[in-house]
Amino acid sequence: MKLPQPSPDARSYSDVLTQRIVTEIATTGGWIGFDRFMELALYAPGMGYYSGGARKFGAAGDFVTAPEISSAFSQTIAVQAAQILALSAPHIIEVGAGSGRLAADLLLELERRDALPERYEILDLSGELRERQRDTIAARAPHLLARVGWLDRLPESFDGLVLANELLDAMPVHLVLWENGRDCPILERGVTWENEAFVWQDRPAGGRVLERAQALAADYPLEPGYLSEICLASADWTASWANIPGTGALLLIDYGFPRHEFYHPQRSSGTLMCHYRHHSHGEPFFLPGLQDITAHVDFTAIVEAGVEAGLDFLGYTTQATFLLNCGLTDILARTPAEDALRYLPQSQAAQKLISPAEMGDLFKVIALGKGIDETLIGFAQGDRSETL
Ligand SMILES: C[S@@+](CC[C@H](N)C(=O)[O-])C[C@H]1O[C@@H](n2cnc3c(N)ncnc32)[C@H](O)[C@@H]1O
């Protein structure tokens, strides 16, 4: 695929990060796991895709997420947020807040519903995004900015709602190759540096990656040569909330599948995907630091990790079902259809959020929590928990 060329500045920025990764490969015996490559490419301080200066979100960036497509997304999420806040405490932590658009629109809608949280805190690995988030909230909801704060780490205790859109897909994944050979049945695919280029190199898998890979091989008919991802980071992140005392819920929205679909025989080369200036491709070594690298989410792994750590499983369904349960159509109906200039773009954008051919089916919503006994509105009908 022919991808757009970066400016000379952007290229030299990417060269610095490349050198950083090459140095790490050299100092760790000539090989790093793909999870580490992805972590450095996205989050190396000051240089990674998220931690450096790349534009990332929106029309001028590399990809567009639901909060950027339509304010109706955040307004509808607010319905679910209000219920969770009423059942726990008036406090929201948003993790991986991107441009700050979800925060701003959600706060405005909660205000409209007389359900404003006392505090809205943002936790993002990328400190660079804070300024952008603050600017977005200052522009869209200036009177609410005083409620917003930024965290450097998970809190020690917490009551309220933890919200994240497209966070889990941005966490580093291990790449695993099920060779089924006699000597070395399961390999981990990592990265080395040869002839001035990153190249793949496979090594016998070990530790937790091997354990998970063996369990998957026992449950699914993975043909020789089957390549896929295992994301320990997203499972560990989910589990870490169970150790935090308090009442509340995690509401996570992302693209992915239940495990039996994730490791489907036809998905034999995994789900790794890169985004560069609205081109999607499968070449993670292309211009480190200038492109996003993601993998789909194995939602079964998220539930297992959370429940094993002590969280209650509260619901799982598609984005379309969740938004419709939360009253997306009522929110859209606030704009009169006669006001064609506003109504048409809004309904087209909403269509993107719920259409099965776009985000409606691929994106899922999952909730885990503690001390929440009511059925959550978003999962009241069409819950898909039994598919996990
Ligand atoms: C794909 S972006 C999504 C941004 C935004 N939620 C949206 O929907 O537009 C992923 C975000 O998650 C952040 N992130 C990734 N891992 C994280 C972690 N472990 N803790 C906090 N933020 C993280 C990244 O810095 C980035 O801002």
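Could you please tell me which pairs satisfy a Cβ distance under 9 Å, a separation of 6+ or placement on different chains, a first residue in segment 197-226 that is aromatic (Phe, Trp, Tyr), and a second residue that is open to solvent by 60 Å² or more (accessible area, probe 1.4 Å)?
From segment 197-226, the pairs are TYR220/HIS260; TYR220/HIS264; TYR220/PRO265; TYR226/GLU179; TYR226/ASN180; TYR226/PRO265; TYR226/ARG267; TYR226/SER269.
Mind checking whether some residue in segment 311-328 is over 30 Å from LEU232 (Cα atoms), charged (D, E, K, R) and open to solvent by 40 Å² or more (accessible area, probe 1.4 Å)?
No, because not a single residue in segment 311-328 is over 30 Å from LEU232 (Cα atoms), charged (D, E, K, R) and open to solvent by 40 Å² or more (accessible area, probe 1.4 Å).
Which condition from (1) in contact with a strand residue (DSSP E or B) (Cβ under 8 Å, 6 or more places away or on another chain); (2) not in a helix (DSSP H, G or I) is the one that VAL303 breaks?
Exception for VAL303: condition (2).
For (1) within 12 Å of the ligand (Cβ to nearest atom); (2) free of Cβ contacts under 8 Å to residues at least 24 places away in the same chain; (3) among the aliphatic types (A, V, I, L, M), each residue gets a yes or a no:
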{"position": "SER228", "(1), (2), (3)": "no, no, no"}
{"position": "TRP237", "(1), (2), (3)": "yes, no, no"}
{"position": "ALA249", "(1), (2), (3)": "no, no, yes"}
{"position": "TYR263", "(1), (2), (3)": "no, no, no"}
{"position": "ARG267", "(1), (2), (3)": "no, no, no"}
{"position": "HIS275", "(1), (2), (3)": "yes, no, no"}
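Assess whether ASP35 counts as being more than 16 Å from the ligand (Cβ to nearest atom), open to solvent by 10 Å² or more (accessible area, probe 1.4 Å) and either at pLDDT 90 or above or part of a strand (DSSP E or B) (or both).
no
Residue by residue through segment 75-88, note down the ones that are touching a residue at least 60 places away in the same chain (Cβ under 8 Å) and open to solvent by 20 Å² or more (accessible area, probe 1.4 Å). Don't jump to the end; show me each part of the working.
Within segment 75-88, the first condition is being touching a residue at least 60 places away in the same chain (Cβ under 8 Å), and the residues that meet it are 75-77, 79-81, 83-85, 87-88.
Scanning segment 75-88 gives GLN75, VAL79, GLN83, LEU87, SER88.
Just name the residue that is modelled with the lowest pLDDT out of those in segment 44-59 that are closer than 20 Å to LEU17 by Cα and within 9 Å of the ligand (Cβ to nearest atom). Spell out how you get there, then give the answer.
Narrowing segment 44-59 to residues closer than 20 Å to LEU17 by Cα: 44-56.
This time we only want the ones that are within 9 Å of the ligand (Cβ to nearest atom), so: 48-51, 56.
On the way: GLY48: 92, TYR49: 91, TYR50: 89, SER51: 86, LYS56: 61.
Going through the qualifying residues, I end up with LYS56.
So, LEU154, is that one within 15 Å of the ligand (Cβ to nearest atom) and in a helix (DSSP H, G or I) or not?
So LEU154 fails the test.
Scan segment 147-170 and report the pairs whose first residue is free of Cβ contacts under 8 Å to residues at least 40 places away in the same chain and whose second residue is assigned to a strand (DSSP E or B), with Cβ atoms within less than 7 Å and a gap of 6+ or a chain change.
That search, which allows pairs on different chains as well, returns GLY149/ARG119; GLY149/GLU121; TRP150/GLU121; TRP150/ILE122.
Given segment 163-274, what strands (runs of 3 or more DSSP E) lie entirely inside it while holding 3 or more residues that are of a type in the set (D, E, K, R)?
186-194
Spot the failing condition for ALA26; the list is (1) of a type outside the set (Asp, Glu); (2) at pLDDT 90 or above; (3) in a loop (DSSP other than H, G, I, E, B); (4) more than 23 Å from ALA295 (Cα to Cα), and only one is missed.
Every listed condition holds for ALA26 apart from (3).
Yes/no matrix, rows are residues, columns are (1) acidic (Asp, Glu); (2) in contact with a Phe, Trp or Tyr (Cβ under 6 Å, 6 or more places away or on another chain); (3) more than 27 Å from PHE257 (Cα to Cα):
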residue: ALA170; (1), (2), (3): no, no, no
residue: VAL173; (1), (2), (3): no, no, no
residue: TRP178; (1), (2), (3): no, yes, no
residue: GLU188; (1), (2), (3): yes, no, no
residue: GLU194; (1), (2), (3): yes, no, yes
residue: ALA197; (1), (2), (3): no, no, yes
residue: ARG203; (1), (2), (3): no, no, yes
residue: GLY206; (1), (2), (3): no, no, no
residue: VAL209; (1), (2), (3): no, no, no
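Among the residues in segment 152-171, are any among the aromatic types (Phe, Trp, Tyr) and farther than 30 Å from ASP219 by Cα?
Yes, segment 152-171 contains at least one residue that is among the aromatic types (Phe, Trp, Tyr) and farther than 30 Å from ASP219 by Cα.
Within the bounds of segment 8-25, is there any residue that is within 16 Å of the ligand (Cβ to nearest atom) and among the aromatic types (Phe, Trp, Tyr)? Explain how you work it out, then say what you get.
Of segment 8-25, the ones within 16 Å of the ligand (Cβ to nearest atom) are 17.
Within this subset, residues satisfying the condition of being among the aromatic types (Phe, Trp, Tyr) are none.
So far as segment 8-25 goes, no, none of its residues is within 16 Å of the ligand (Cβ to nearest atom) and among the aromatic types (Phe, Trp, Tyr).
Does any residue of segment 60-74 turn out to be modelled with pLDDT under 95, open to solvent by 50 Å² or more (accessible area, probe 1.4 Å) and not polar (S, T, N, Q)?
Yes, some residue in segment 60-74 is modelled with pLDDT under 95, open to solvent by 50 Å² or more (accessible area, probe 1.4 Å) and not polar (S, T, N, Q).
For segment 100-150, give me the residue count where each residue is open to solvent by 10 Å² or more (accessible area, probe 1.4 Å), part of a loop (DSSP other than H, G, I, E, B) and within 15 Å of the ligand (Cβ to nearest atom).
3
If ALA217 satisfies every condition in (1) in contact with a Cys (Cβ under 8 Å, 6 or more places away or on another chain); (2) surrounded by fewer than 21 Cβ atoms within 10 Å (Cβ to Cβ) but one, which is the exception?
(1)
Would you say ALA97 is away from the ligand (no atom under 14 Å from the Cβ) and of a type in the set (Gly, Ala, Ser)?
no
Would it be correct to say that ARG189 is crowded, with 17+ Cβ neighbours inside 10 Å, modelled with pLDDT of 95 or more and closer than 28 Å to PHE285 by Cβ?
yes
Quick one: in segment 280-299, of everything that is within 16 Å of the ligand (Cβ to nearest atom) and more than 20 Å from ILE21 (Cα to Cα), which residue is most open to solvent (accessible area, probe 1.4 Å)?
Ranking the candidates gives SER280 first.
The values are calculated or read from the model by the stated rules, or taken from the named source; none is laboratory data. What you are looking at is a predicted structure, and each value in this text was computed from that prediction instead of being measured. Heads up, the Cβs are rebuilt from the backbone with ideal geometry, glycines too, and the neighbour counts pull from every protein chain shown. Heavy atoms of the whole protein, side chains included, go into the accessibility calculation; ligands, DNA and RNA do not. Shrake-Rupley method; radii C 1.70, N 1.55, O 1.52, S 1.80 Å.
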